[in-house]
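Taking it in order: structure first as C-alpha cells, then the write-up.
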Amino acid sequence: MDVRSALVITILSILGAHALAYLLVGVLPDAAVISLGLESARSEVVAAFHADHGIRPYSQVIADAAHLDLGTTLDGIPVSKELGHALASSFPRLVIAGLAIVLASVVTAILAPARSGALDRAASFLAFLPPYVMPFLGVLVVLSVQAAFGVVITDGLSLLITVTAIAIVPGALIVAQTASITRRNLESDFARTLIAVGAPALYQRVRLLHNVAAEITPSLEKMFTGMMAALLFAEPILGLSGFGTAAVRAVRRSDPDLLLGVTLVLAGSVAVFRLFALVVRRHYGLRL
Amino acid sequence: MSKVEILERNVWVALLLPLLAGLGLYLAFSGEAGMPWASFSLRHPLGTDEFGRDVFATILAATGLSLFKGVLVTSVTLAFSVIVAEVVTLPRTASFATVIRVGASIVESVPVVLWVFIALIAVPGPRLVVVGLAFMVVVLPIAAHVLAGEFSRLRQALYVEAAYLAGAGELRVLARYILPNAKAVLMPFALQVLGAAIAVDGAIGVIGLGNRSDLDLGIFLLRGKESFFQHPQVLVLALLMYLVVYGYLLWLGSVAGRRWPSGGKVEPEMTGL
Amino acid sequence: MKRTVDEAAISVKGLGVQDARTGVSIIDEVSFELRPGEIVSLLGPSGSGKSTTALAVMGLLRPPLLVSSGTAVLGGEKIDVNDPVQLSAVRGRRLSMIFQDPFSSLNPVLPCGVQAEEPLRIHTDVGGRQRRERVLDRFREVGFDEPDRIYRSLPSQLSGGQLQRVMLAMATILGPTVLLADEPTTALDPEAQEGILGLLAKMRERHGMAILLITHDLDLARTVSDRVLRMQDGRLLEGDGQVERHQDKAPTGVRRVMSGGASRAPLLSVRGLSKTFVRGGIPGIGRRRRCVKTLADIDFDLARGEILGIIGPSGSGKTTLGRCISGLTTPDQGEIILEGKPVDAKGKRRGASPVQMVYQNPYASLNPVMRIGESVEEGPRAEGMPSGERRELAVRLLKQVGLSPDFYSRLPGELSGGERQRAVIARALATEPRLLVADEPTASLDVQTGIQVLDLLKRLTHEIGLGVLLISHDRKTIARVSDRVMALHDGKLVAVTTV
C-alpha cells in the first residue's frame, strides 16, 4: 500500500465512522421516543424536544465540526467543552498507561526467554480478557482492602489502579506479541549473521529492538483501541470522571450529539495512531 | 485414549459441554425461588440473590448462556465472513476487496462494543437479535478482511494453482484446498471472535443497559459491585466465571494450535473490543 | 605466539556434532586445516554435513545440535566452540562466515551500511564517521560503484548479488584470517556467481585470507580452489584434496546432441508475446506506481516430443513466460497456439488445462492435508471420472513415475523432495496434457535426485510424446535433457541453439 492510499483510507475511516454513527443515532430512531420515554406520548413535549434537540442535517454537522462546534448535550452544554474536560481528565491516565506499555515491551524484548513459557501464557490470557474484568478486579481488591483494614484509597493508589485497569489488557497483547516477535527474530538468519560478527547476546537483543518496533506497529492501533475500550469501562466502574464516563453517559441517555462527538474523537485518535504506524513502517522500509 | 485426548480431537464438543452443564445445573437447582439474600446453606451453597435465586446456579447458567449465545453469533458471523472473503479473493473483485478493506477500517476506528451500544439504543427489537445482528454487522468486515488475507495467500499457493490447472472448480478449491489449510488461522480467529462476542454480551450488562433480573454475567458483575460489602460472593463468583471461561477458550486455542500448527503465522491477539 | 608461514590459519581436529535429543551423530571425526591464503572447497551432496561443520566451527549451531567432540586452533590459539564469550571475541575479527541466502541473512529494517558497520561497532572504539568511511572503502573494494547509495539502501532495495557483496564486506571489514563461505553463490544467477567468486579470490590475494568454500558443485570447486575436501554422511572422505584441473573444458557448457526419435510436428506456437506488470497502489484508490516490462515480443515454436530448455538470469522473464503459456498469467499482447487452438486463461477455461506445470518447490506443490492419491485424481475428478477408475489411473501413474502404489494413501509430509516432485509429475500427467512446463524442477533438490527427475521427464517425453518447456538458470540442468535451448535476458529472446 502506498502513502496516498493509506491517507485516503484513514480519512475515509474517520468520515465513515462518523457518518455511520450519525445514521444509527440520528436517522433510524426518533430520539424523542428514546430520550423522553413515557413522556413521548405527549405531542407538545415531543415538539419541544425536537425544537431543543432536533438532529441537524449531516451537512450541517460536518460544517459545524469544521469549526469545532460539535453540538450540545441533552443538558445544553457544548459537546466540545464537555469532551474537552473529559479528555483533560483521561489524558494523564492514557499517557501513563501508554508509557507503561512501551516500557513493558522494551523490557520484554531484552529479557524474554528464548522459548515460550509462562510469560507468554500469562500475557496471552490477560490480553484475551474483556476490558471490564480488570477494573472489576481492581474494585474487588480495593473494596476487600477497605472492608478488611478500613484503608482509605489515596489519589496515587486510585491512579495506579485506574492506569493498571486501562493498560493491562492492551499491554498484555503488546508484551505477548513482543515476546513472539523477539523469539522469531532471534531464530532468524539475520540474527545469526549478527552473532557471526561477534555480537554478544544483549547487544543482539538491543539491535533487534528495531525489528520489534517495525513489526509491532500494526498492533499499535489495536493497542490504542484496547486502551480506549478499557477506559470506557474503567472510569465508570471506578467512579471517575473522564472520557469513558462521558461516553457511557452518552449511551445511557441516548444523547445524539455527545455520541457523535465521542465517535469523532475516537475515530480521529485511532487515525493518528494509524498514521504514526505508517511513518514508522516507512522509516523501516516495510510494506504498509 | 485419555479424556483430554478425546477432548482435543473434538474441539467443538468440548466447547458445548460447559453450556450443557450450566443449563443442566440451572434446571436442577432453579426449582422454586428461595428467600431473597438468603445466607449459605446446603441447598444454596453460596446463598440466594435479591430475587431469591440460587447464586451459584444462576451464575453458572449465565455462563452457559453466554457461551451458547457467543457460539451462535460467532458461527453465523464466520459463515458469512467466509462467503464474503471467498468472493473478495476471486479474480475481478479487486474493487470489492477495497470496499471490505475500507469497511474494516471504519469499524475498527471505534471499539466494537461502542458500535453495539449505539445499535442497541438505536434499533428497537429483542436484545439478543439486535445485539447479535449488530455484532455480526460490525465484525463481518473485520473478519472478512482477515480471512480474505489468508485466502489470498492460500490462493497463491502452488498446489491451489495446480488444482485450477487440473480443472477443479471454485467450490472444490474452497472446500478441499483453502478452508482445510486456513484452519491454522481460522480456528484461533474464531476463538477470538467468540471471546469478543461473550465480552460484548457482558458489556451491555456492565454499563447498566440490561434488566437486573437478566441471566447475564455483566449484570452480575454490576450487582456484585453494588452489594459487595453485604454479599461479596456474587462479584467474586462472576469474576471467577470470566477467568474460567477465558482460560478455557485460551486452552481451546492452544489445542487448536497444536492440532493445526500455524508455523508462527498467528500472533497473539486481544478480544478486539 | 609467533606464527610461522607454514602454520595453519585454522586447524580443526576430530570435530563431532550430535543431536542432543536422539544422540545421533551428525558429523564425526572431521579434521582439516586451512593455510593462509588458501582456498579449500568442502564438497558434498545435500545433507552430508558441510554446513553443519562450518556452523560448528563458528559456534552457531542451534539446539538440539551441539558439538560433542573436537578442537579448533585459530592462529595458534585454542578455541572452545562451546564458550560464547571466547567466540564473541574472535567472530567477525579473526574468524568470519558468509551464508547461502543473502536475502534472509541481512536485517530487513536496517540500512546495509549500518549493518556492515556492526563488526566495527562491536570490536573497536572507532567513532561513527570513521566507521562509515571504513565501510564505504570496503564497499568500493567489493566492487560497488556507488557505495553511498548502497550504504543507505535497505536489503529489499538490492539484488542477491549486491547483498552477497554487502555480506562479504561486513564479514571481512576487520580483516579476519579465516573466512567460511557457506554456498555463497547457490542462490545467485550465473553472472552474480562469477562476481562473488572473483571477490573471494581477490580477498585471498590481497589479505592472505584462508577461505573454506562450501559447495555441492564440483566444477565450481575445481575452478576456484587450491584443494577440495569431500564429505559424505557426516565424514570427510580419504584423499589429499588436490584438484584436477580441466582447463580446456568450459565449466558450464552445453555438450550433448540429442539423437532423433521425437516427432517434429508443431505442438506450440508463440508469437509476439509481451507482458508488463504494474506494481503498487490499491485498486480503486492508489495510483499505479510503476510498470515493469517482463516479456517483450517472444516468438518460438515447440515440436511434439521435444524438450525446449529456457535459460536466463534471475528476472529475465522465464517464469512469466511459463505462466503465460500455461494460462495462469494473461499476456498483454501476442498469441499462444497449442495444437491449433489458443490457450485459455485460467478463468475462462472449463476442465483441465492441456498445459500442466511442475514447480520449483515440491514442498509447496502438493496440498499438505490431501493424500497423494486424491491429489493425482484431481484432474480426472473434474472430468467426471468414477472413483474406481480414478483410483486405478492414479496407481498406474504413480508406478509410471517410479512410486509404488502405497504412496497413494500417504500425505505429502511423509515424502522426500524427490518423491514429491514425482507425485507432482503424476498429477500433471493425470489430465493427459499436451505440454508440460517445468519451472526449475530440480532447484530445490540435491544433485542426485535432480538428475533422476530430469531423466524421468526425458523418458516420459519419449513414451507419451509430451512437449516440455524446461525452465532453469542452471546450464547443466538444461544441457542434460534439452533438444534446444532458448536464452532470455531482460524479457527478450536473445538466442536459440540446438544442443
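No value in this document is a laboratory result; all are computed from the given coordinates. On a predicted model such as this, the values are computed, not experimentally measured, just so you know. Every residue, glycine as well, gets a Cβ built from its backbone with ideal geometry; the counts of neighbours run over all protein chains shown.
Worth a mention:
- Size of charge dipole - the stretch B:3-259 - debye, nearest 20, with Cβ of Lys, Arg +1 and Asp, Glu -1, no other charges: 560 debye
- For the stretch B:3-259, relative contact order (Cα pairs under 8 Å, six or more residues apart, normalised by length) works out to 20 percent.
- In Hz, Karplus ³J(HN,Hα) per residue of the stretch B:195-204 (6.51, -1.76, 1.60; θ = phi - 60°; x = Gly, Pro): x, 5, 4, 5, 5, 5, 4, x, 4, 5
- Cα Rg over Rh - the protein assembly as shown, Kirkwood: 1.02
- Farthest positive-ward along the protein assembly as shown dipole, Cα basis, beta-carbon charges - from C:T431, A:L159, B:I142: C:T431
- Proximal aspartates and glutamates relative to C:K78, as straight alpha-carbon distance under 19 Å, when same-chain residues fewer than 8 apart are discounted: C:D6, C:E7, C:E29, C:E33
- Cβ-Cβ distance of B:F80 and A:K81, R₀ of 41 Å, FRET efficiency by 1/(1 + (r/R0)^6): the value works out to about 0.45.
- The stretch A:3-283, relative contact order in percent, only Cα pairs under 8 angstrom and at least six apart counted: 30 percent
- Two-site FRET efficiency, C:E29 against C:E77, from Cβ-Cβ distance with R₀ of 25 Å, rounded to 0.05: 0.65
- Hydrophobic, long helices, defined as DSSP H runs whose alpha-carbon span along the helix axis is 30 Å or greater and whose mean Kyte-Doolittle value is at least 0.0, occur in chain A at A:79-111, A:155-186, A:209-238, A:256-283.
- Projected label points at B:V244 and B:M35, each 7 Å from Cα along the beta carbon direction, are separated by 2.7 nanometres.
- Distant-in-sequence amide H partners of C:M357 (H built 1.01 Å from N, under 5 Å): C:V437
- Across the stretch A:255-278, no residue has a backbone nitrogen under 18 Å from the label position 7 Å along the beta-carbon direction of A:R42.
- At R0 = 35 Å, FRET efficiency that the Cβ-Cβ distance of A:V3 and A:R56 yields, to 0.05: 0.55
- Within a Gaussian network of chain B (alpha carbon springs, distance under 10 Å), most fluctuating of B:A168, B:A190, B:A79: B:A168
- Dipole axis of chain B (+1 Lys, Arg; -1 Asp, Glu on Cβ), positive-most option in B:L209, B:V123, B:V255: B:V255
- Between the amide H of C:I310 and those of C:L470, C:I471, C:S472, C:M486, distances stay under 5 Å, these residues lying 5 or more places away or on another chain, with hydrogens modeled in the peptide plane.
- Dipole axis of the protein assembly as shown (+1 Lys, Arg; -1 Asp, Glu on Cβ), positive-most option in C:S69, B:L60, A:S13: C:S69
- Taking the Cα centre of the protein assembly as shown as reference, the dipole from Cβ charges on Lys and Arg (+1) and Asp and Glu (-1) amounts to some 1440 debye.
- GNM flexibility winner over chain A from A:A167, A:A100, A:A41 (Cα, springs under 10 Å): A:A41
- When the P(r) is computed for the stretch A:3-283, the part past 23 Å accounts for 63% of the Cα-Cα pairs.
- Shape class for the stretch B:28-144, computed from the alpha carbon gyration tensor (a ≥ b ≥ c): prolate, with a/c not under 1.5 and a/b above b/c.
- Modelled spin labels at B:R153 and C:S69, positioned 7 Å past Cα toward Cβ, are 4.5 nm from each other.
- Between 0 and 90 degrees, the angle of helix B:55-88 with respect to the longest Cα principal axis of chain B falls at about 10 degrees.
- Size of charge dipole - the stretch A:3-283 - debye, nearest 20, with Cβ of Lys, Arg +1 and Asp, Glu -1, no other charges: 1260 debye
- Residues listed by number, the stretch A:262-288, amide nitrogen under 18 Å from C:R152 label point at 7 Å toward C-beta: A:282-286
- Cα-based shape type of chain C, given that a ≥ b ≥ c are square roots of the gyration tensor eigenvalues and the cut on a/c is 1.5: prolate
- The stretch C:319-331 - phi-based ³J(HN,Hα) in whole Hz, Karplus 6.51/-1.76/1.60, Gly and Pro as x: 5, 4, 4, x, 6, 5, 5, 7, x, 6, 10, 8, x
- Nitroxide proxy distance, nm - points 7 Å out along Cα→Cβ at C:E432 and B:L16: 4.7 nm
- Backbone HN-Hα couplings from phi across the stretch B:139-149 [Karplus 6.51/-1.76/1.60, Hz, Gly and Pro as x]: 7, 3, x, 5, 5, 5, 5, 5, 5, 4, x
- Annotation: amide H-H contacts under 5 Å for C:L267 (H modelled 1.01 Å from N, sequence separation of 5 or more, or interchain): C:L302, C:A303, C:R304.
- Length available on full extension from A:H67 to A:A148: 0.36 nm per residue minus the Cα-Cα distance, which gives 23.9 nm.
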